[in-house]
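Right, one structure below, let's go through it.
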Amino acid sequence: MAANTDLIVTGLDFASIRANLRNFMAAKPEFTDYDFQDSAIGTLIDLLAYNTYYQAFYANMATAEGFLDSAQIYESVVSRAKAIGYVPSSARGATANLQIIFTNSFSNATFRSITIPKNTRFTTSVNGTAFKFVTPQTYTITANSVGGFSGYINITEGEPLTHRFLFNRASNTSFVLPNENVDTSSITVSVTMSGNTQTYTRADDILTVNSSSKIYYVEADRGYKYKVAFGDGVFGYYPDTSSVVQISYRVCNGETCNGVKNFSLVDSTIAGQSSIYISPIGRASGGAAVENIESVRRNAPLAYETQNRAVINNDYERILLRDNPDIQAISTWGGEDNSPPIYGKVFVCAKPKIGNIFSTSRKDTIRLNLKKYNVQSIDVEMVDPTYLYVIPSVISRVDLRGTTLTPGELADKIARKIKSYETTQLNTFGKRFRFSKFLEMIDTADDAITTSDATIRTKKMFIPSLTTPSTYTLRFNHPIQGLGGYIDGIPNNISLGTITSSPFTFKGYPNCYFDDNGYGTLQIYYPIAENTTAEVLSRNYLSYNAGTVNYEKGIVTLISFLPQDFIGDTISIVAAPTTTNIVPIRNQILLMAQSKVQVIDDLSGNVVANVTSIETIGQTQSSVIPGGRLNNF
């Protein structure tokens, strides 16, 4: 019998399926007088339609799980990623660098070193909950010239665990680690046979593996767990049946302990010594959660392209994002593109998911891990992100007749749009500040806004020395206005330039400031009133040659600058750009700070609301790192 060509099979929703079945039945002469809506046959059609709908839905979902782009189940995603050699990043425990000082007098001691064993336990607390840190390796601290013992060690968050398995070539050649949040970077594997124990290493590149290589592989498994597998006798040595496999690792809490800095020993002694002083060098960092589905979907094809080698800039970015789940964004450039050019190097700048910059120890770890992927004699240099702060002063005219909101509520809605623009359009590498897009977002805050405008300034910050005259170079990386200009929309008639600054104390005078003469020379002044009622302050200059301004390249240089004090954590230098579109380069990231909103009644022309304190990321998040150094020159 030929197929019924009137039966339409392209509709997959329930209503279409039922209608197709009904039309098919109604076309039969024997069913001419049947009610297909509220009758027994209508119920049967419903049943057939539901069955068909379930089958169509199942087939569609099953097919989708077979492709990396469309899979929704974790097991399906990691299985597709495994096919192209990608292992999702595991959770990572936060790491802290400590200085350990043994305070006893050892001048007459016969020993010349103190050993701190692997997994020596420390503890810290986050919101009242205790977390365990351990030493990831054994450290040996040698005595100094006067018999004292002091050294630096790393400690990593996590609970050490060990499992033993029996290897059987016929049935048991891979082993699932039974815990979630395994830190795979901490896995160590040894195999014991007839009293002989051998340590195996993790295979990262099968091109270096042969049949005698004592290696193991790490694979993602179901339920966010990981599996340890061995070679097959071709790509890696095949252990003997009845060998005892011992696998040690740490179970961690991911990002929870990032930022902690206070640690204490769990045990009362180390190597028999009880008089111990612990000094943290910065805060713990590097903790990260297990890689999620969307990250695997994005990174797996990119990692496949690199083939475990770093040649071009994109290779470095993909490898770093694959191996370091605590990295939010990457910027890389060759030495030939640096300013000034430095050949034979590749520069890598990583922005952490938490905070603005990585600690020195974390950067060293990233750099060392990256070197093994180099295929040429190229040095990897880690640099910190630099931050350029955009200062918008927004003026919005509103028609109060078209809204029930108060002027203050309208101003708050505009402020929220400013915060949203920073969050969605800035705050990572390569994101530009686009003036027209910014105003467009402001105008969408409320229908009562008739028009908006803004003046834009940019800011750099630095921490000066209070003891030694020093030179500071601040790179805005955009042209700066000179020979007159505007500040906050008001003609700047006092000084020809547009450079301003935050206050500082200089030569005994508090509340001093920087400005420029409009021709490339930086100056220092303090304001004085011409009379007791004067609203306009004149400037008394203490230095007419405090530095230089390269207006074209956007470089401000302070020469032999020695303030006596300053307000807050930093001194800010503010410039007026020649363009309202700000483009970051290399390791520069744009944030917003000191944003202002002024609301004007379009009918009367009066100012009806102001907002002068908007909690943007750039306003609330410091770029100062431990040790008093600022990485945003």
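The values are calculated or read from the model by the stated rules, or taken from the named source; none is laboratory data. Small disclaimer: the values here were computed from a predicted structure and weren't measured. Cβ coordinates were reconstructed from backbone atoms using ideal geometry, including for glycine residues, and neighbour counts include every protein chain displayed.
Surrounded by fewer than 18 Cβ atoms within 10 Å (Cβ to Cβ), among the hydroxyl-bearing types (Ser, Thr, Tyr), at pLDDT below 90 and not in a loop (DSSP other than H, G, I, E, B), is that true of residue 538? Here the answer is yes, as residue 538 does meet what is asked. Mind listing whichever residues of the stretch 237-263 are over 17 Å from residue 168 (Cβ atoms) and in a loop (DSSP other than H, G, I, E, B)? Of everything in the stretch 237-263, those that are over 17 Å from residue 168 (Cβ atoms) and in a loop (DSSP other than H, G, I, E, B) turn out to be 252, 253, 258, 259, 260, 261, 262, 263. Within the stretch 600-633, being modelled with pLDDT of 85 or more, surrounded by 13 or more Cβ atoms within 10 Å (Cβ to Cβ) and small (Gly, Ala, Ser) holds for 609, 618.
Residue-by-condition table, conditions (1) in contact with a helix residue (DSSP H, G or I) (Cβ under 8 Å, 6 or more places away or on another chain); (2) among the acidic types (Asp, Glu); (3) within 30 Å of residue 310 (Cα to Cα):
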site: 374; (1), (2), (3): no, no, yes
site: 431; (1), (2), (3): yes, no, yes
site: 442; (1), (2), (3): yes, no, no
site: 458; (1), (2), (3): no, no, no
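Can you find, within the stretch 280-295, the residue that is surrounded by the fewest Cβ atoms within 10 Å (Cβ to Cβ) among those that are in a strand (DSSP E or B) and not hydroxyl-bearing (Ser, Thr, Tyr)? Filtering first and then ranking leaves 280. Of all residues in the stretch 48-71, exactly one satisfies the criterion of being over 26 Å from residue 301 (Cβ atoms) and among the β-branched types (Val, Ile, Thr), namely 52.
The set of residues from the stretch 367-420 being within 20 Å of the chain's Cα centre (by Cα), surrounded by fewer than 20 Cβ atoms within 10 Å (Cβ to Cβ) and within 24 Å of residue 584 (Cβ to Cβ) comprises 367, 370, 380, 381, 382, 383, 419, 420.
Would a scan of the stretch 247-258 turn up a residue that is touching a His at 6+ places or on another chain (Cβ under 6 Å) and not assigned by TED's automatic domain parsing to the domain that holds residue 116? Yes, because at least one residue in the stretch 247-258 is touching a His at 6+ places or on another chain (Cβ under 6 Å) and not assigned by TED's automatic domain parsing to the domain that holds residue 116.
Among the residues of the stretch 465-514, those that are surrounded by fewer than 16 Cβ atoms within 10 Å (Cβ to Cβ) and modelled with pLDDT under 90 comprise 483, 484, 486, 488, 489, 490, 491, 493, 494, 496.
If you check 237, 224, 277 for being surrounded by fewer than 17 Cβ atoms within 10 Å (Cβ to Cβ), over 21 Å from the mean Cα position of the chain (by Cα) and among the aromatic types (Phe, Trp, Tyr), only one passes: 277.
The one condition from (1) modelled with pLDDT under 90; (2) among the hydroxyl-bearing types (Ser, Thr, Tyr); (3) farther than 30 Å from residue 275 by Cα that residue 145 does not meet is (3).
Exactly one residue out of 391, 442, 418, 357 is outside any strand (DSSP E or B), closer than 27 Å to residue 555 by Cβ, in contact with a strand residue (DSSP E or B) (Cβ under 8 Å, 6 or more places away or on another chain) and not small (Gly, Ala, Ser): that is 357.
Pairing residues of the stretch 557-570 that are over 12 Å from residue 468 (Cα atoms) and modelled with pLDDT under 90 with residues that are in a loop (DSSP other than H, G, I, E, B) and among the hydroxyl-bearing types (Ser, Thr, Tyr), at Cβ distances under 9 Å and at least 6 apart in sequence or on separate chains, gives 567/502; 568/502; 569/622.
Among the residues of the stretch 264-272, is there at least one that is assigned to a helix (DSSP H, G or I) and under 31 Å from the mean Cα position of the chain (by Cα)? Scanning the stretch 264-272 turns up no residue that is assigned to a helix (DSSP H, G or I) and under 31 Å from the mean Cα position of the chain (by Cα).
Let's see how each residue does on (1) closer than 23 Å to residue 262 by Cβ; (2) without any contact (Cβ under 8 Å) to a residue 60 or more places away in the chain:
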residue: 119; (1), (2): yes, yes
residue: 125; (1), (2): yes, no
residue: 128; (1), (2): yes, yes
residue: 138; (1), (2): no, yes
residue: 142; (1), (2): no, yes
residue: 155; (1), (2): yes, no
residue: 158; (1), (2): yes, no
residue: 169; (1), (2): no, no
